[in-house]
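Step one of this worksheet: look at the structure below.
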Amino acid sequence: MKMKDFFQVMTEKREITSPVFTKPFTERPSHIKQLESLLKETDPNINRVLAETHLNLFRIGHIGESNVHFELNNSMLPLLCLHDVRLENRENTAQFDFIVISHSIIYVIETKKLYGDIEVTGSGEFIRKLKSKSGRVYKKEGMYSPVTQSERHARLLEKLLKENGLIKTMPVENLVVLANPKTILDKKKAPAEISKKIIRSDQLVKFIKQDLNQRKKKTYAVDNRIKDISKFILKSHKLVNFDKSRYMNVETAAAVETVPDVEAESSEAGKDSEKLYKELKAYRLEQAKKENVAAYLIYNNSTLEDIIEKMPSNKEELLKIRGFGKTKAEKYGAGILEIVRKN
């Protein structure tokens, strides 16, 4: 150990005393800018429905990441933070929302802007509950565990850092941060190893503070070491070139496979009516079959819930609903408005 490092450990005087984003948070990421530019083009071969769907999902996901960035940036904790990182290790690839490096632990943070109320069962399954305005649950559905996904990312990062001699015993832990303030999380029955990994965004800093305090006597790295880890991650970050061809009018199945894994916030349903919900789903399915596309490309569940809440009466009101641009309003507006009018 170098004398400077030894002195840091003995005196606990550090250069890193507050959060630093070594890979800054971007207000308008490149993939959002590129999709916005694509939609301004006049090429008739552009699959505008697919491009608008992806753009809306990316925007919604970015709002959640913005909430987490705010919490980390104002935490006053000694952290090195990296936003939007893509790493590869042999045949495996992972996209990280945030990597947060402290002197004693590295956090891999997956941001989720889930809609509906989420229950985690005793067996670790995730169940989404959709409620009407009166509070009645009108739909339950299983969902893929976000903890499983973030765990895979954490293990990839840990393996990469160990193979390159940057860590030996420093833990790499995954966290799932729920960025939708309307989501009610019920994890009373959840297994402890899952429960501790799911946190609301407004509780993130409190959790990290408590966790770091518990690890105070187990400081694994000095400033120079965590700077080296950050530099290595930055150097290893792989940029993804924008593939315009995926948004051209090609086989829908190929495009569907590339849909980003982003969950959107949805308002509670504004009408206590399963009938309207079912009719809007049936209309969506009917249009999807006509166009030979996946149903969510017509409008996703988040947009469907927003329609039920806001009950638009004309195209101007429909355009105010998240997920509806001029193209979709022209194509599906009349059918949707007629269904809403009847209910």
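When you scan segment 56-70, how many residues do you find that are touching a helix residue (DSSP H, G or I) at 6+ places or on another chain (Cβ under 7 Å) and open to solvent by less than 10 Å² (accessible area, probe 1.4 Å)?
Summing the residues that are touching a helix residue (DSSP H, G or I) at 6+ places or on another chain (Cβ under 7 Å) and open to solvent by less than 10 Å² (accessible area, probe 1.4 Å) in segment 56-70 gives 1.
When residues of segment 133-188 are filtered for being small (Gly, Ala, Ser) and in contact with a His (Cβ under 8 Å, 6 or more places away or on another chain), how many remain? If you could, list the steps in order and put the result at the bottom.
We begin by selecting, within segment 133-188, every residue small (Gly, Ala, Ser); these are 134-135, 142, 145, 150, 154, 165, 179.
So of that shortlist, the ones also in contact with a His (Cβ under 8 Å, 6 or more places away or on another chain) come out as none.
Here the count works out to 0.
Taking segment 188-222, which residues are part of a loop (DSSP other than H, G, I, E, B), at pLDDT 90 or above and surrounded by fewer than 17 Cβ atoms within 10 Å (Cβ to Cβ)?
In the first step, residues of segment 188-222 are kept if they are part of a loop (DSSP other than H, G, I, E, B); the result is 188-191, 196-197, 215, 219-222.
Applying the additional criterion that residues be at pLDDT 90 or above yields 188-191, 196-197.
Lys188, Lys189, Pro191, Lys196 - these are the residues of segment 188-222 that are part of a loop (DSSP other than H, G, I, E, B), at pLDDT 90 or above and surrounded by fewer than 17 Cβ atoms within 10 Å (Cβ to Cβ).
Residues that are crowded, with 21+ Cβ neighbours inside 10 Å and not acidic (Asp, Glu): find the strands (runs of 3 or more DSSP E) completely inside segment 71-124 holding 3 or more of those.
Counting at least 3 such residues, we get 80-89, 92-101, 106-112.
Residues checked against (1) over 23 Å from Ile198 (Cα atoms); (2) open to solvent by less than 80 Å² (accessible area, probe 1.4 Å); (3) among the basic types (Lys, Arg):
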{"residue": "Tyr138", "(1), (2), (3)": "yes, yes, no"}
{"residue": "Glu141", "(1), (2), (3)": "no, yes, no"}
{"residue": "Tyr144", "(1), (2), (3)": "no, no, no"}
{"residue": "Thr148", "(1), (2), (3)": "no, yes, no"}
{"residue": "Glu151", "(1), (2), (3)": "no, yes, no"}
{"residue": "Leu156", "(1), (2), (3)": "no, yes, no"}
{"residue": "Asn164", "(1), (2), (3)": "yes, no, no"}
{"residue": "Thr169", "(1), (2), (3)": "yes, no, no"}
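Any residue at all in segment 177-185 that is among the β-branched types (Val, Ile, Thr) and either in contact with a Pro (Cβ under 6 Å, 6 or more places away or on another chain) or open to solvent by 30 Å² or more (accessible area, probe 1.4 Å) (or both)?
So in segment 177-185, the residues among the β-branched types (Val, Ile, Thr) come out as 177, 183-184.
Within this subset, residues satisfying the condition of being either in contact with a Pro (Cβ under 6 Å, 6 or more places away or on another chain) or open to solvent by 30 Å² or more (accessible area, probe 1.4 Å) (or both) are 184.
Checked against the condition, which is being among the β-branched types (Val, Ile, Thr) and either in contact with a Pro (Cβ under 6 Å, 6 or more places away or on another chain) or open to solvent by 30 Å² or more (accessible area, probe 1.4 Å) (or both), segment 177-185 yields at least one hit.
Answer yes or no: is there a residue in segment 313-328 that is touching a Ser or Thr at 6+ places or on another chain (Cβ under 7 Å), β-branched (Val, Ile, Thr) and more than 25 Å from Val137 (Cα to Cα).
No, segment 313-328 has no match at all.
I'd like to verify a number: residues in segment 321-343 that are at pLDDT 85 or above and closer than 21 Å to Arg48 by Cα, how many? Even if it seems obvious, please write down each step before you answer.
Within segment 321-343, the first condition is being at pLDDT 85 or above, and the residues that meet it are 321, 324-340.
Now restrict to residues that are closer than 21 Å to Arg48 by Cα: 321, 324-336.
Final tally of qualifying residues: 14.
Looking only at segment 162-184, decide whether some residue is under 17 Å from Val108 (Cβ atoms), in contact with a strand residue (DSSP E or B) (Cβ under 7 Å, 6 or more places away or on another chain), in a helix (DSSP H, G or I) and among the hydrophobic types (A, V, I, L, M, F, W, C).
There is no residue in segment 162-184 that is under 17 Å from Val108 (Cβ atoms), in contact with a strand residue (DSSP E or B) (Cβ under 7 Å, 6 or more places away or on another chain), in a helix (DSSP H, G or I) and among the hydrophobic types (A, V, I, L, M, F, W, C).
So which residues in segment 23-55 are surrounded by fewer than 16 Cβ atoms within 10 Å (Cβ to Cβ), outside any helix (DSSP H, G or I) and among the basic types (Lys, Arg)?
Residue satisfying the conditions is Arg28 alone.
Among the residues of segment 296-343, count how many are open to solvent by 10 Å² or more (accessible area, probe 1.4 Å), over 19 Å from Lys275 (Cβ atoms) and among the hydrophobic types (A, V, I, L, M, F, W, C).
3
Would you say Tyr283 is surrounded by 18 or more Cβ atoms within 10 Å (Cβ to Cβ) and either at pLDDT 85 or above or in contact with a His (Cβ under 8 Å, 6 or more places away or on another chain) (or both)?
Yes: the conditions hold for Tyr283.
Scan segment 221-245 and report the pairs whose first residue is more than 19 Å from Arg90 (Cα to Cα) and whose second residue is open to solvent by 50 Å² or more (accessible area, probe 1.4 Å), with Cβ atoms within less than 7 Å and a gap of 6+ or a chain change.
Between residues of segment 221-245 that are more than 19 Å from Arg90 (Cα to Cα) and residues that are open to solvent by 50 Å² or more (accessible area, probe 1.4 Å), the close pairs are Val222/Val9; Asp223/Arg14; Asp223/Glu15; Phe242/His31; Phe242/Gln34.
Keeping to segment 223-246, report how many residues are within 19 Å of Leu156 (Cβ to Cβ) and at pLDDT below 90.
2
Restricted to segment 223-252, and to residues that are under 30 Å from Asn45 (Cα atoms) and hydrophobic (A, V, I, L, M, F, W, C), which residue is least open to solvent (accessible area, probe 1.4 Å)?
Taking segment 223-252 and keeping what is under 30 Å from Asn45 (Cα atoms), we get 238-252.
If we keep only those that are hydrophobic (A, V, I, L, M, F, W, C) too, we end up with 239-240, 242, 248, 250.
Working: Leu239: 146, Val240: 96, Phe242: 73, Met248: 39, Val250: 84 Å².
Checked segment 223-252; the qualifying residue least open to solvent (accessible area, probe 1.4 Å) is Met248.
The values are calculated or read from the model by the stated rules, or taken from the named source; none is laboratory data. Values in this document were obtained by computation on a predicted structure and should not be read as measured data. Quick reminder, even Gly has a Cβ in these numbers, built from the backbone with ideal geometry, and neighbours come from all protein chains shown. Accessible surface is based on the protein model in full, side chains and every heavy atom, while ligands, DNA and RNA are left aside. Shrake-Rupley method; radii C 1.70, N 1.55, O 1.52, S 1.80 Å.
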